[in-house]
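What follows is a single structure, written as structure tokens, with notes after it.
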Amino acid sequence: MTDFTMTTDADGVALITWDTVGKSMNVMSREAMALLNDLMDAALADKAVKGIVLTSGKDTFAGGMDLNVLARLRDENPDNPAQALFDFTMAGHTMMRKIERAGMDPKTNKGGKPIAAALPGTALGIGLELPLACHRIFAADNPKAKIGLPEIMVGIFPGGGGTTRLVRKMGAMAASPLLLEGKLNDPQAAKRLGVIDEVVPADELISAAKAWVLSGPQIVKPWDEKGYKMPGGTPYHPAGFMTFVGASAMVNGNTWGVYPAAKALLSAVYEGALVPFDTALKIEARWFTNVLMNPSSSAMIRSLFINKEALDKGANRPAVPDQKVKKVGILGAGMMGAGIAYVSANAGIEVVLIDAKQEAADKGKSYAEGILDKGMQRKKVTAEKKAQVLGRINATTDYAALAGCDLIVEAVFEVVAVKADVTKKVLAVVGKDAIFATNTSTLPITELAKASDYPDEFIGIHFFSPVDKMNLVEIIKGKATGDVAVAKALDYVRQIRKTPIVVNDARFFYANRCIIPYINEGIRMVAEGVSPALIEHAAKLVGMPLGPLQLVDETSIDLGVKIAKATKAAMGADYPDGAVDEVLFWMADQGRMGRKSNAGFYAYDDAGKRLGFWDGLAGKYPVADSQPDLITVQHRLLFVQVLEAVRALQDGVLMDIREGDVGAILGWGFAPWSGGPFSWLDMLGAPYAAQRCDELTDEFGLRFATPALLREMADKGQEFYKRFGPTAKAA
Ligand code: NAD
């Protein structure tokens, strides 16, 4: 069995079928590419072949390049990885250019064999770049199919000719959401945009493509014709000029300049637009190599693609039989419970949604209805689907309805006694038959498990708000939690298509443990007289999605006060955040609870729109005459988070640094360009990181003290991924 096979029919159409061995979706490997190249050579040379149809043996066309190939190429050529990556990229260009030219005479454009791509379903990345090199793209009318170039989402850009071809096909303006945002479309929308050419019924896909091939079509690409003009104009054309100036401003405005791939993509498009097609491909390859050589891109690929995929597949799942959830009971139909009910029902799971009062339970169910209605307005959800999903949610006050549940997720008030009470009520119905999970954000799992007769079946499943949007779920093992409970939680998170991390029980688990110090550091700086604008901009310029002051406004200042009081009560004399509390408590005293009260560190208008910093803040905490430099502020904001991550690893709360990195990006948006806290430390190098912590400790206090683990790694010159990565030998 091979990834590509070819058969030629009596009419002389060669059908090349892509069917990656052992995978549910086609992905391009080095071997597969060489094979495709050989088959194309053979078909083009064979006089009996009049034209070619390229299709897939699966119900999708392809998921893209196997990104492990790029990492391997770099590792296999340590002396000159850039050359190896460039040569590989150019080899791809050469093959696709051969497909595009299809044996035509270079001078007259005469001759050549028509080549059609026939896409039965989803076509992503190189799975679209390859069709773009063919002469006509047919797609089956499959509304579930996604067509596009999502490379930018993992820190690279389409480097298989997709950038150059799409811009020449559609113009820079029309191509920009597809390239810069990785926007995916269904086949009908992709046709309307001009990405593909034909949408046909699925059972006519191959026959339509073959008929076109045999129809003696015009196959010269516009950019290979004399006098070709790029749609929308090139950079020095008056209309094109506006596009390029605007695009550059927009990209920098959206990314704060921290994503190398976005900048490189723009450069490839701009420079490529000024030169002939083949030179543009070479420029694309050079920028692609440049991005692949940037540590940020490798770290993003590793965290957002390779490691995320490994976690999604249950990398750390205990070896127990399948624990897929059939019926879930959700306790508490408030903000979290309602969201959890929706995502569960949406994934096909039967839901019993319980609250103390029927109207509260109904309100929780209506939250799901609201989301589904919005989906219908956007034509993403059909009336039938809405009815199905809502039909799976039984909103009730009756605990007896929990009979038959194999998983319980508790999301009632954050009060130990309330949680203990519902735990007992639930167990009276389901007994040992269901795994009991709590969605607590602050209470120790081991403590809460005391209310259960079966602590081995008790676990934390910590969602982030809003549940339907946030992709991370933290699974927390209490002291007694058993393997079946962990597997159950992992299988459930997989069913609802979110990414799990598994951590041990400790104050604030992992994500909140790291994000609270970030918020606190921002507030502390306000007390010191650092300009709020400097604090917020420093955070965004280092890739944090929200500055710490905006974040505390969003999560609410009274929640901050509540957490501070509870933490202080638990830590006693060791509590380090008195300076932060002064500001936080004063804000709460002023009635400024954050966005929900339309008043926080920021001012808001009546409609809730953020206006600017609240001017009353400077009255109490004046901005000092002398301000710190940008890097110092950024280092304070990043190191407070990253050092917590290192301590979590050192203390055994985190068990896998991949979870630490993926969890940080998906959970609280930790500077995605860095690949996560551990990837960032590897980029800095442990010796420099430890030295910087020493300096920050001298200047700002013991919260920056170098953890013993980091000190040891600095002394030994170790890297986190070499020492703790999945392929690391025991250190
Ligand atoms: P919420 O106040 O919106 O909802 C709690 C719901 O539980 C209410 O509808 C209430 O009527 C119901 N309830 C209370 N006691 C009950 C009882 N004895 N029986 C049945 N129902 C009862 O709170 P929330 O924000 O949804 O938080 C719920 C849990 O999730 C808390 O443990 C919280 O710490 C945790 N959590 C919250 C967030 C967040 O961002 N809000 C994030 C992660 C975890």
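Computed on the Cα atoms alone, the convex hull of region 283-393 gives a volume of 179 cubic angstrom per residue. Taken along its three principal axes, the alpha carbon spread of region 512-630 comes to 38, 35, 29 Å, from the longest extent down to the shortest. Phi angles of region 356-364 translate, via the Karplus equation with coefficients 6.51, -1.76, 1.60 and θ = phi - 60°, into HN-Hα couplings of 5, 10, 4, 5, 5, 5, 5, 4, x Hz per residue; Gly and Pro are given as x. Principal-axis analysis of the Cα atoms of the chain puts helix 483-495 at an angle of about 50° to the longest axis.
Evaluate the relative contact order of the chain (contact order divided by residue number), counting alpha-carbon pairs under 8 angstrom at least 6 apart; express in whole percent. Could you put the intermediate results ahead of the total?
On the way: 1336 pairs, mean separation 61.4, N = 731.
For the chain, the relative contact order is 8 percent.
Which listed residue (L372, A401, A437) has the Cα farthest towards the positive end of the charge dipole for region 326-446, taking +1 on Lys and Arg C-beta and -1 on Asp and Glu C-beta about the Cα centre? Looking along the dipole axis, the top candidate is L372.
Computed over region 4-303, the percent of Cα pairs more than 36 Å apart is 12. Across region 512-630, the relative contact order, built from alpha-carbon pairs under 8 Å that are at least six residues apart, equals 28 percent. Using a 1.4 Å probe on the protein chains only, how many percent of the accessible area of the chain belongs to carbon and sulfur? That fraction is 55 percent. Annotation: aspartates and glutamates with alpha-carbon distance below 19 angstrom to K308 (same-chain offsets under eight excluded): D66, E151, D468, E474, D491, D656, E659, D661, D682.
With angles folded into 0 to 90 degrees, how steeply does helix 532-541 sit against the dominant principal axis of the chain? Use alpha carbons for both and round to 10. The answer is roughly 40 degrees. Modelled spin labels at S465 and A383, positioned 7 Å past Cα toward Cβ, are 3.5 nm from each other.
Compared with the dominant Cα axis of the chain, that is its longest principal axis, helix 81-101 is turned about 50°. Placing dummy labels 7 Å off each Cα toward the beta-carbon, the span from M153 to D606 is 4.0 nm.
In order along region 187-197, phi translates into HN-Hα couplings of x, 4, 5, 5, 5, 4, 6, x, 6, 10, 9 Hz, rounded to whole numbers, per the Karplus curve 6.51 cos²θ - 1.76 cosθ + 1.60 with θ = phi - 60° and x for Gly and Pro. Taking the Cα centre of the chain as origin and assigning +1 to Lys and Arg Cβ atoms and -1 to Asp and Glu Cβ atoms, the resulting dipole is close to 1420 debye. Take 275-282, 633-640 and order them by the average number of nearby Cβ atoms within 10 Å per residue, most first; the result is 633-640, 275-282. Within the full protein context, the accessible area of D629 is estimated at about 90 Å² for a probe radius of 1.4 Å.
Taking H as built 1.01 Å from N, whose amide H comes closer than 5 Å to the amide H of V502, not counting residues under 5 places away? Answer set, sorted by chain and number: I475.
Phi angles across region 252-268 convert, under the Karplus curve 6.51 cos²θ - 1.76 cosθ + 1.60 with θ = phi - 60°, into 3J(HN,Hα) values of 5, x, 6, 9, 6, x, 9, 9, x, 5, 5, 5, 5, 4, 4, 5, 4 Hz, Gly and Pro given as x. The modelled label-to-label distance between L559 and S248, using points 7 Å beyond Cα along the C-beta direction, is 4.1 nm.
For K565, a cut-off of 21 angstrom between C-alpha atoms picks up these lysines, skipping any fewer than 8 places away in its own chain: K419, K596. Close amide H partners of G51, meaning residues 5 or more places away or on another chain with modelled amide H under 5 Å apart, are A14. Each of L541, T94, F613 was placed along the dipole of the chain (beta-carbon charges, centred on the mean Cα), and the one lying farthest toward the positive end is T94. For A45 and N109, a Förster radius of 22 Å and the Cβ-Cβ distance give a FRET efficiency of 0.65, rounded to the nearest 0.05.
Across every pair of different alpha-carbon atoms, what Kirkwood hydrodynamic radius in Å does the chain reach?
Details: mean 1/r = 0.0354 Å⁻¹.
Answer for the chain: a Kirkwood hydrodynamic radius of 28.2 Å.
In the chain, the DSSP-assigned H stretches of four residues or longer account for a calculated mean residue ellipticity at 222 nm of -15000 deg cm²/dmol, using -39500 (n - 2.57) per stretch and the full residue count as denominator.
Keeping every protein chain present and rolling a 1.4 Å probe, give me the accessible area per residue for the chain in Å².
Numbers: 30710 Å² over 731 residues.
Dividing the accessible area of the chain by its residue count gives 42 Å².
Between S626 and K432, the FRET efficiency estimated from the beta carbon spacing at R0 = 51 angstrom works out to 0.20.
The values are calculated or read from the model by the stated rules, or taken from the named source; none is laboratory data. Bear in mind that the values here come from a model prediction, so they are computed numbers and not experimental data. Positions of Cβ are generated from backbone atoms using ideal geometry, with glycine treated the same way; all protein chains shown enter the neighbour counts. Quick note on the areas: whole protein, heavy atoms, side chains included, nothing else; ligands and nucleic acids left out. Shrake-Rupley method; radii C 1.70, N 1.55, O 1.52, S 1.80 Å.
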